[in-house]
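A quick write-up on the structure given underneath.
The values are calculated or read from the model by the stated rules, or taken from the named source; none is laboratory data. Nothing here was measured: the structure is a model prediction, and the numbers come from that model. With ideal geometry, Cβ positions are generated from the backbone for all residues, glycine too; neighbour counts draw on all protein chains shown.
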Amino acid sequence: VSLSLGGGGSIPAYYSRYPFCIVWTPIPILTWVLPFIGHMGICTSSGVIRDFAGSYFVSEDNMGFGRPTKYWKLDVDKVCGNGAATWDKAVHDASEEYKCRPHNLCFDNCHSHVAMALNLMRYNNSTSWNMVNLCVLSLIHGKHIR
């Protein structure tokens with residue numbers, strides 16, 4: 001089982017490595033009732049998953065609700081700055097910030113953590129990323145992992 005990343009490269013899904021991707025996994029019971037609600041993380045250039053998994057805790061390669069079931073591949077060329085280095089710094093800085101925050105399901109959550117990383121890297125020349133547009137865009141662009 002592989003995940004095609006374009007350019008001829010693919011990654012075995014069992015490694016759970018998704019470079020330059022936003023990843024998503026369902027939250028038991030909550031996602032069953034509201035299918036658009038789930039747990040989100042953002043991956044580094046090497047594919048390490050970072051997710052705001054609970055108050056004062058940002059997980060590394062151990063998503064709060066299990067392995068990702070969907071991914072959304074982003075374009076590193078849309079990062080403002082030095083591509084992969086800027087991407088990784090933004091993911092790191094957002095993760096460090098969220099290690100100091102309490103988790104709030106409605107206002108400051110895993111989607112907010114991903115949005116902060118995208119805002120810090122000025123992805124697609126934008127600093128307007130938020131949990132609502134991430135939820136909608138990940139529904140549109142997300143692909144199921146097989």
- Tyr56 being over 13 Å from Pro19 (Cα atoms) and touching a Pro at 6+ places or on another chain (Cβ under 9 Å): yes
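Is it the case, given these coordinates, that Trp87 is within 24 Å of Cys106 (Cβ to Cβ) and either not in a loop (DSSP other than H, G, I, E, B) or not hydroxyl-bearing (Ser, Thr, Tyr) (or both)?
Numbers: within 24 Å of Cys106 (Cβ to Cβ): no; either not in a loop (DSSP other than H, G, I, E, B) or not hydroxyl-bearing (Ser, Thr, Tyr) (or both): yes.
Against the criterion (within 24 Å of Cys106 (Cβ to Cβ) and either not in a loop (DSSP other than H, G, I, E, B) or not hydroxyl-bearing (Ser, Thr, Tyr) (or both)), Trp87 does not qualify.
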- Return yes or no: is Arg146 over 20 Å from Leu30 (Cα atoms) and at pLDDT below 95? yes
- Task: Give the residue that is modelled with the highest pLDDT, with candidates limited to residues of region 31-86 that are among the basic types (Lys, Arg), within 14 Å of the chain's Cα centre (by Cα) and surrounded by fewer than 19 Cβ atoms within 10 Å (Cβ to Cβ).
- Result: Lys73
- Query: From the residues in region 39-69 that are outside any loop (DSSP other than H, G, I, E, B), in contact (Cβ under 8 Å) with a residue 60 or more places away in the chain and not charged (D, E, K, R), which one is farthest from Ile145 (Cα to Cα)?
  - Reply: Phe52
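Restricting region 4-26 to residues that are hydrophobic (A, V, I, L, M, F, W, C) and either at pLDDT 95 or above or buried (at least 21 other Cβ atoms within 10 Å of the Cβ) (or both), which is farthest from the chain's Cα centre (by Cα)?
As a first pass, look at region 4-26 and keep what is hydrophobic (A, V, I, L, M, F, W, C): 5, 11, 13, 20-24.
Restricting the remaining residues to those that are either at pLDDT 95 or above or buried (at least 21 other Cβ atoms within 10 Å of the Cβ) (or both) gives 20-24.
Values: Phe20: 9, Cys21: 6, Ile22: 3, Val23: 5, Trp24: 7 Å.
Going through the qualifying residues, I end up with Phe20.
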- Message: For region 10-27, check the following and say yes or no: at least one residue is farther than 22 Å from Asn133 by Cα, without any contact (Cβ under 8 Å) to a residue 12 or more places away in the chain and either among the basic types (Lys, Arg) or in a strand (DSSP E or B) (or both).
- Response: yes
- Task: Please specify each residue of region 33-51 satisfying the condition of being of a type in the set (A, V, I, L, M, F, W, C) and either at positive phi or touching a strand residue (DSSP E or B) at 6+ places or on another chain (Cβ under 8 Å) (or both).
- Result: Met40, Ile42, Cys43, Val48, Ile49
- Item | Subset of region 52-97 [touching a Phe, Trp or Tyr at 6+ places or on another chain (Cβ under 9 Å) and on the phi > 0 side of the Ramachandran plot] | Tyr56, Gly81
- Single residue of region 101-140 satisfying the filter (on the phi > 0 side of the Ramachandran plot and not in a loop (DSSP other than H, G, I, E, B)) that is surrounded by the fewest Cβ atoms within 10 Å (Cβ to Cβ): Asn125
